[in-house]
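What follows is one structure encoded as structure tokens, with my remarks underneath.
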Amino acid sequence: MTPLPAFADNYIWLLQHQQQVLAVDPGDGQAVLQWLTNKPGMQLDAILVTHHHADHTGGLADLVHATGAHVYGPALERLPVPHTPVSEGDALAWGPLHWQVLDLPGHTAGHVAYWGQPQAQAPILFCGDTLFSGGCGRLFEGTAAQMLQSLDKLARLAVDTRVCCAHEYTLSNLRFAQAVEPDNARLAAYTLACQTLRAQGTPTLPALLGQELQINPFLRSRQDAVRAAAARHAGTAAKDDAEAFAQLREWKNQFK
Ligand SMILES: [Zn+2]
Ligand SMILES: [Zn+2]
């Protein structure tokens, strides 16, 4: 699995099986084509798209034109190229892998993720802009209740799942996470580890789902400490889980 950097902080995830390559959310087609020219014999044959934003779809036309790769994308969203529409419950075969599609409304209305379990390896999740290490996507088209449900769905996946997020937002997310949970020792240790990685220019991803459950405030919005901090910041106690989550998301939107 290769996180190919694109733009300021995107990753285009690439997966190889023998001579076949799978790309996820190629916002920049030239970056992928350049990578392929350095891998003689490799063929881009499939592309998975999580949602319609341009930084995830901008390279589709170039890549389909240059390689004829088959595109899979969310059934509820428009993409710039013809694609096989997928939604929750669908399974796609690619190489030795079967990808299960999950519907994750919140960041966009039709956002999907792809989860697969390679033989004798930890599972892989391509979750686009829904879950980030230490954070979650902004609510552009969905509600806090929808995003909470989507994150709950991801939280039920195998804890050894490797979480392939589409942006390197980890350090800024962790600054916010520490403001929410200053006493979380695992969060402090994880922050140090990620700072070291970034200082070396190394991606902090993939993240590990089991770790995220311990440090990511948006996966921990029902924890007393997280809920209390969000309520303190909002100046009012939340009446339910969705409102507590909304308080947390709103706090993060304003956090500097
Ligand atoms: Zn997006
Ligand atoms: Zn994005």
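So, of the residues in region 159-178 that are among the hydrophobic types (A, V, I, L, M, F, W, C) and part of a loop (DSSP other than H, G, I, E, B), which turns out to be least open to solvent (accessible area, probe 1.4 Å)?
Going residue by residue through region 159-178, those that are among the hydrophobic types (A, V, I, L, M, F, W, C) are 159, 163-166, 171, 174, 176-177.
Filter once more, keeping what is part of a loop (DSSP other than H, G, I, E, B): 159, 166.
Working: VAL159: 92, ALA166: 4 Å².
Result: ALA166.
Within region 92-158, which strands (runs of 3 or more DSSP E) (wholly inside it) include 1 or more residues that are modelled with pLDDT under 95?
Strands (runs of 3 or more DSSP E) meeting the threshold: 97-103.
Considering only residues of region 33-77 that are of a type in the set (Gly, Ala, Ser) and part of a helix (DSSP H, G or I), which is surrounded by the fewest Cβ atoms within 10 Å (Cβ to Cβ)? Don't jump to the end; show me each part of the working.
Applying the first criterion (of a type in the set (Gly, Ala, Ser)) to region 33-77 yields 41, 46, 54, 58-59, 61, 66, 68-69, 73, 75.
Restricting the remaining residues to those that are part of a helix (DSSP H, G or I) gives 54, 61, 66.
Working: ALA54: 10, ALA61: 13, ALA66: 15.
So, considering only residues that are of a type in the set (Gly, Ala, Ser) and part of a helix (DSSP H, G or I), the one surrounded by the fewest Cβ atoms within 10 Å (Cβ to Cβ) is ALA54.
Go through region 179-256 and tell me which helices (runs of 4 or more DSSP H), entirely inside it, have 3 or more residues that are polar (S, T, N, Q) and over 17 Å from SER150 (Cβ atoms).
Result: 185-199, 241-254.
Right, GLY235: modelled with pLDDT of 95 or more, open to solvent by 60 Å² or more (accessible area, probe 1.4 Å) and among the small types (Gly, Ala, Ser) or not? Even if it seems obvious, please write down each step before you answer.
Values: modelled with pLDDT of 95 or more: yes; open to solvent by 60 Å² or more (accessible area, probe 1.4 Å): yes; among the small types (Gly, Ala, Ser): yes.
So GLY235 passes the test.
Go through region 143-168 and give me each residue that's of a type outside the set (A, V, I, L, M, F, W, C) and within 15 Å of ligand 2 (Cβ to nearest atom).
The answer is HIS167, GLU168.
The values are calculated or read from the model by the stated rules, or taken from the named source; none is laboratory data. The shown structure was predicted, so the numbers you read here are calculated from the model rather than taken from an experiment. Quick reminder, even Gly has a Cβ in these numbers, built from the backbone with ideal geometry, and neighbours come from all protein chains shown. Ligands, DNA and RNA are stripped out before the accessible areas are found, and what is left, the full protein with its side chains, is counted by its heavy atoms. Shrake-Rupley method; radii C 1.70, N 1.55, O 1.52, S 1.80 Å.
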